């Protein structure tokens with residue numbers, strides 16, 4: 001079995017290493033698995049000849065835990081972990097969560113609020129002269145001025161607040177490796193300013209840079225913040241995106257264009273690294289996130305859906321990067337040899353499972369495109385929606401020895417499935433596992449438009465087709481519709497409309513997601529400014545906790561305790577008109593044939 005990367009000097013010396021080149025600090029427990037970003041990057045650097053160690057979830061109250069591996073020769077890398085630390089710690093109601101899936105035993109409190117900033121501060125206290133490089137989702141989404149929901153105000157670039165030396169945004173393999181190689185070759189750290197997918201501080205902007213509205217402008221005018229968001233989004237294409245620069249007082253945060261997508265061969269090399277696929281021995285308790293994904297396979301990266309509330313575009317990009325069939329099969333084979341494997345692959349997919357193998361069919365392969373979404377307001381005519389590769393992948397993997405069941409649980413785009421008949425048939429006949437996750441998020445045309453999602457008519461066609469196909473293959477299967485309350489543009493009337501649509505479609509939900517304005521997304525910009533950054537039009541915002549809770553409760557009207565709570569709130573708000581509509585729905589309700597969770 002492959003040895004994990006060292007977490008102590010003693011472990012490093014067993015490898016014959018007296019000093020490490022790069023030390024990575026993570027807010028997550030150390031699981032040597034490709035689904036965990038920091039271990040993946042550590043293995044990537046190791047494969048290219050660097051001596052790498054990991055400090056997982058250090059106690060941030062003193063500097064000593066950050067000195068566990070000594071002084072690195074090149075730099076420290078810092079990540080809050082797989083999630084923004086504020087999202088990990090707080091519910092949409094800003095209440096403290098009581099668990100953390102990325103911590104042994106699921107315990108809360110193993111990482112601080114704003115972990116990236118705190119970790120950097122401790123490293124600078126311990127080794128003032130060693131460069132610190134920020135990375136991960138928290139750094140990606142906070143790389144320029146951003147709205148912070150938990151403080152209800154704008155915050156500066158995290159590069160400034162953390163006082164770090166460089167920020168890597170996106171998935172990171174390319175820029176991090178090039179940085180390490182150039183430093184190993186003798187280049188001074190401060191001279192490396194041309195790396196794609198990085199941000200740095202400067203006194204003067206590059207000649208080709210596009211100036212975003214400054215810190216002073218966005219904090220005094222919401223229209224300026226909306227303009228900054230629009231410019232940031234339109235420059236996300238790595239092939240035509242320009243460098244961006246944003247002034248903060250007398251310093252510029254310069255963002256180079258995004259890193260280029262990995263080729264299939266490069267992605268295969270990343271996922272072919274010698275992961276043990278186990279937690280580090282220093283962790284004694286079960287790590288819930290590992291237990292959930294240990295039998296899952298990532299087949300591709302990126303998402304061209306461009307949903308306004310989703311952070312994937314800002315982090316993984318819109319170009320789909322797919323692994324080869326052989327690479328996926330090799331990983332499946334490595335899982336089936338594990339003692340804990342019981343015959344089921346729990347997921348085969350990515351951010352959106354049925355985007356595997358898809359690409360832009362334009363003459364320039366989309367290199368000059370600035371659309372934020374390939375699917376909204378309609379599917380782009382240049383998008384090659386062929387499902388041959390995706391359907392073939394399902395067939396090949398489920399036919400492998402020791403694989404008794406293969407489930408697709410990472411979610412699918414139901415609007416794409418209309419153009420993917422082969423994948424749809426394979427999915428329904430073999431890979432649903434009883435419940436299929438689909439995320440319409442809302443069925444109101446106006447709200448769906450704010451989300452950049454297809455409208456309700458598309459979902460209804462899919463649902464009818466899914467039920468018919470399930471009956472045809474003799475399976476009792478249901479759809480799990482992921483729905484969202486409180487999104488910009490969503491009113492109480494829209495939620496009552498959605499409740500009526502669910503009844504008509506014979507669906508009930510037991511869980512509803514409440515919109516959380518995460519940094520860097522277009523929907524968060526809408527929430528803060530009250531306007532659509534693309535059109536400048538005013539957008540309705542449910543700002544009070546009471547209304548947001550009520551919107552969620554309206555979809556759970558079939559549950560007596562939720563109905564009583566929602567009824568009381570509607571009466572307090574003087575919305576007896578909505579009460580009457582809901583009562584009519586309840587009176588006319590028939591018992592649903594399909595109940596989803």
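The values are calculated or read from the model by the stated rules, or taken from the named source; none is laboratory data. Keep in mind that what you see is a predicted model, and the values were worked out from it rather than measured. In this analysis, Cβ positions are derived from the backbone assuming ideal geometry, glycine residues included, and neighbour counts consider all displayed protein chains.
Residues 9, 41, 96, 20: which one is over 19 Å from the mean Cα position of the chain (by Cα) and surrounded by 21 or more Cβ atoms within 10 Å (Cβ to Cβ)? Step by step, each of 9, 41, 96, 20 is checked, and only 20 is over 19 Å from the mean Cα position of the chain (by Cα) and surrounded by 21 or more Cβ atoms within 10 Å (Cβ to Cβ). Considering only the stretch 68-108, state which residues are in contact (Cβ under 8 Å) with a residue 60 or more places away in the chain, outside any loop (DSSP other than H, G, I, E, B) and more than 21 Å from residue 279 (Cα to Cα). Matches in the stretch 68-108: 75, 86, 87, 90. Considering each residue of the stretch 142-157 in turn, none proves to be assigned to a helix (DSSP H, G or I), assigned by TED's automatic domain parsing to the domain that holds residue 50 and modelled with pLDDT of 95 or more.
When the stretch 467-523 is filtered for residues that are assigned to a helix (DSSP H, G or I), within 27 Å of the chain's Cα centre (by Cα) and farther than 17 Å from residue 550 by Cα, the ones remaining, listed by number, are 522, 523.
For (1) at pLDDT below 95; (2) surrounded by 15 or more Cβ atoms within 10 Å (Cβ to Cβ); (3) in contact with a helix residue (DSSP H, G or I) (Cβ under 9 Å, 6 or more places away or on another chain); (4) over 18 Å from residue 347 (Cα atoms), each residue gets a yes or a no:
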{"residue": "420", "(1), (2), (3), (4)": "no, yes, yes, yes"}
{"residue": "426", "(1), (2), (3), (4)": "no, yes, yes, no"}
{"residue": "430", "(1), (2), (3), (4)": "no, yes, yes, no"}
{"residue": "453", "(1), (2), (3), (4)": "no, yes, yes, yes"}
{"residue": "463", "(1), (2), (3), (4)": "no, yes, yes, yes"}
{"residue": "472", "(1), (2), (3), (4)": "no, no, yes, yes"}
{"residue": "476", "(1), (2), (3), (4)": "yes, no, yes, yes"}
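Residue 26 meets the conditions (1) under 23 Å from residue 139 (Cα atoms); (2) surrounded by fewer than 23 Cβ atoms within 10 Å (Cβ to Cβ); (3) touching a residue at least 24 places away in the same chain (Cβ under 8 Å) in every case but one. The failed one is (2).
No other residue among 411, 357 is on the phi > 0 side of the Ramachandran plot, surrounded by 20 or more Cβ atoms within 10 Å (Cβ to Cβ) and touching a strand residue (DSSP E or B) at 6+ places or on another chain (Cβ under 7 Å) apart from 357.
Being assigned to a loop (DSSP other than H, G, I, E, B) and more than 23 Å from residue 218 (Cβ to Cβ) narrows it down to one of 175, 112, so name that one. Write out each step before concluding.
Numbers: 175 fails: assigned to a loop (DSSP other than H, G, I, E, B).
Of the residues listed, the single one that is assigned to a loop (DSSP other than H, G, I, E, B) and more than 23 Å from residue 218 (Cβ to Cβ) is 112.
Matching residues to (1) buried (at least 19 other Cβ atoms within 10 Å of the Cβ); (2) closer than 30 Å to residue 138 by Cβ:
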| position | (1), (2) |
| --- | --- |
| 459 | yes, no |
| 469 | no, no |
| 481 | yes, yes |
| 494 | yes, no |
| 497 | yes, no |
| 512 | yes, yes |
| 518 | yes, yes |
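The criterion of at least 2 residues that are closer than 26 Å to residue 386 by Cβ is met, among strands (runs of 3 or more DSSP E) falling completely within the stretch 233-339, by 296-298.
Among the conditions (1) buried (at least 19 other Cβ atoms within 10 Å of the Cβ); (2) within 20 Å of residue 102 (Cβ to Cβ); (3) in contact with a helix residue (DSSP H, G or I) (Cβ under 8 Å, 6 or more places away or on another chain), residue 59 misses just one, which is (1).
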